[in-house]
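Each remark here refers to the structure printed beneath this line.
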Amino acid sequence: MVIPTTSSQDLNKANSAAGALAAPFIFRCIGCESITTTAAQDFRCAHCGNLLEIDSSAWKAGGLSPDALKSKWHVRRSSNEPLDLSGVWRYRELLPTPASEDQVVSLREGNAPLYELPRCSRLTGVPRLLAKHQGMNPTGSFKDTGMTVAATFARESGCNWVACASTGNTSASMAAYAARGGMRSLVLVPEGKISWSKLSQALDYGALTCQLRTDFDGCLQLLQELVRQTPVYQLNSINPFRLEGQKTLAFELLEQLEWQPPDHIIVPGGNLGNSSAIGKALLEMLALGLIPRLPKLSVIQAEGANALVRTMHEAGGKQLVKVQAETRATAIRIGNPASWEKAVKVIRATGGTCEQVSEIEMAQAKAEIGAEGIGCEPASAVTLAGLNKLLRQGFVGREETVVLVLTGNLLKDPDFTMEFHKSELFAGTLNQNQDSALASLRHPPVVLDATLNAVMRTLQQAEKA
Ligand code: F0G
């Protein structure tokens, strides 16, 4: 097996030949704030070891005014040019761009719908409640918006192998983009702790898939060691190009809202890359004059994987409180989140908060989003459960416009959904109140003899219920 070296020069060589929009990348350490134009394989600061971020101000938004940018992006919505068809690359003035368009690895990601949630609006009493459904991306999760950018730079650097540690969605996305970009992919996932549908995606897209006898945190630690030893290009959200792509969720959302900022954006938190990316985008939009004010950005975690909540509440956001993560929302079963400092910064900068929800609250919220006819995976449903909690606390007012970020598709975790509807989830652990709250949301399948009578009788019973 031959793995070419992916040097920092390789990572940056796009810059010199880049077109009008491209400029040298400036990486800034989020800890000591030192600046570099070359990033090491592990994307960590050479001085203090903290994470790097890309300073996008260097591109000066292609020299365009806020109105000129908005109208350029609007016009691109009716263009059939390959880059314009991507809901990520359409916003390329605010992204790192490769030297040549030919290097872009795209599956027409982004373009994720913004749905109204009339049923949940009634239940929560929040009339302007919206869901930005990132689960409608090509591989079924928000990861695609970051992966298209990072995979593009991986390809441009000439690497053969890309790699990630994952709770499932990153690996599915990385494997797909690697396949499209002609690269090989190595996936490290915790054995028995990711859903079969995510695992099957990685297999189908041709990844070398290793199920490690550890949790996500163990997989990520091992990957960090691997990239220092072997020239594989890391595609976890530690890679700042990933976060640049994930910023476009916020650009697209604001465009869908005709540039009127919502009051509140609520996002699930795991490794905390997505919240960091959304926050970075909001701050950039404010600085560029694309929006007049910042929405609050709040992060919701599962109670059993609440490292950020504990970090903020018990350690004042100053040092990470790691946890041994346990939750049925396997996507966010993470106890040692890499981007915690980035997340703390953007939560504070936007005036948001972080909260935790129980497994039952999450399951109920997931079924309520399902009953809207759109559905999502368990990790995404923490947003609605979190909103309910923030409403009770008075942190969110019912008059506010609230956007829930649904990060993954309903089909990502069918086991959870089936167990819920067949009353197998939480079996024997619910009290009467909890059970009756869930009962009306359960729709178990009915096994019948194949007779007209049997179906008619069942229909009549359902009509009466
Ligand atoms: N929602 C879903 C569906 C996810 O897959 C993830 C993370 C998150 C939320 C949390 O996002 O990590 O940026 O805070 N999944 C990663 C993975 C870790 O490997 O697929 P985050």
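Any read-out appearing in this document is the output of simple, stated calculations on the displayed coordinates, not a laboratory observation. Because the structure is a prediction, the values reported are computed rather than measured. Every residue, glycine among them, receives a Cβ derived from its backbone with ideal geometry; neighbour counts consider all protein chains shown.
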The range 357-405, relative contact order [Cα under 8 Å, separation at least 6], %: 34 percent
What shape does the range 49-139 have by the C-alpha gyration tensor, where a ≥ b ≥ c are the square roots of the eigenvalues, rounded means a/c under 1.5, and otherwise prolate means a/b greater than b/c and oblate the rest? prolate
Theoretical ellipticity at 222 nm over the chain - DSSP helices of four or more residues, -39500 (n - 2.57) apiece, nearest 500: -12000 deg cm²/dmol
Expressed as a whole-number percentage, the relative contact order of the chain with C-alpha contacts under 8 angstrom and at least six residues apart is 15 percent
For Leu212, list long-range residues whose amide hydrogen, built 1.01 Å from N in the peptide plane, is under 5 Å from its own amide hydrogen. Val189, Glu191
Selection from Gln393, Phe416, Ala381 lying farthest towards where the dipole of the range 378-465 points positive, charges on Cβ: Gln393
Range of Cα positions in the range 235-294 per principal axis (Å), largest first: 32, 21, 17
Indicate the gyration tensor shape class of the range 335-465 (rounded, prolate or oblate), computed on the Cα atoms with a ≥ b ≥ c the square roots of the eigenvalues: a/c under 1.5 is rounded; otherwise a/b larger than b/c is prolate and the rest oblate. prolate
In nm, to one decimal, how far is the modelled label at Val447 from the one at Gln432, with both set 7 Å along Cα→Cβ? 3.1 nm
Per 20 Å bin from zero, what fraction in whole % of the C-alpha pairs of the chain is there, up to the bin with the longest pair? 25, 58, 16, 1
Set Lys280/Lys342; Lys322/Lys345; Lys193/Lys345; Lys280/Lys412, cut-off 20 Å on Cα-Cα distance; pairs above it are Lys193/Lys345; Lys280/Lys412
Residue farthest toward the positive end of the dipole of the chain, with Cβ of Lys/Arg at +1 and Asp/Glu at -1: which of Ser34, Val104, Val405? Ser34
What does the highest-first list of 105-111, 193-199 look like by mean Cβ count within 10 Å? 105-111, 193-199
How high is the relative contact order of the range 59-105, in percent, with contacts defined as C-alpha pairs under 8 Å that are six or more residues apart? 34 percent
Between Asp204 and Thr38, what length in nm is gained on full extension when 0.36 nm per residue of separation is reduced by their alpha carbon distance? 56.3 nm
Report, in debye and to the nearest 20, how large the dipole of the range 162-297 comes out about its Cα centre when Lys and Arg carry +1 and Asp and Glu carry -1 on their Cβ. 240 debye
Cα-only radius of gyration and Dmax that characterise the range 19-90, units Å: 16.0, 46
Distance in Å, no decimals, from the C-alpha centre of the range 255-312 to the one of the range 417-465 is 37 Å
At what distance in angstrom do the alpha carbon centres of the range 80-155 and the range 324-367 lie from each other? 21 Å
All-pairs Cα distance distribution in the range 68-188, expressed in whole percent, bin size 10 Å: 13, 36, 30, 16, 5, 0
Restricting to bridges with both residues inside the chain, how much of the DSSP beta-bridge set is antiparallel, in percent to the nearest 5? 25 percent
Distance histogram for the range 334-383 (every C-alpha pair counted, 5 angstrom bins, percent rounded to whole numbers): 4, 18, 18, 18, 17, 16, 7, 0
What length, rounded to one decimal in nm, is gained on full extension from Ala371 through to Ser57, with 0.36 nm per residue of separation minus their alpha-carbon distance? 108.8 nm
Given charges at Cβ of Lys, Arg, Asp, Glu: the chain dipole, positive-most of Asn50, Val149, Gly245: Asn50
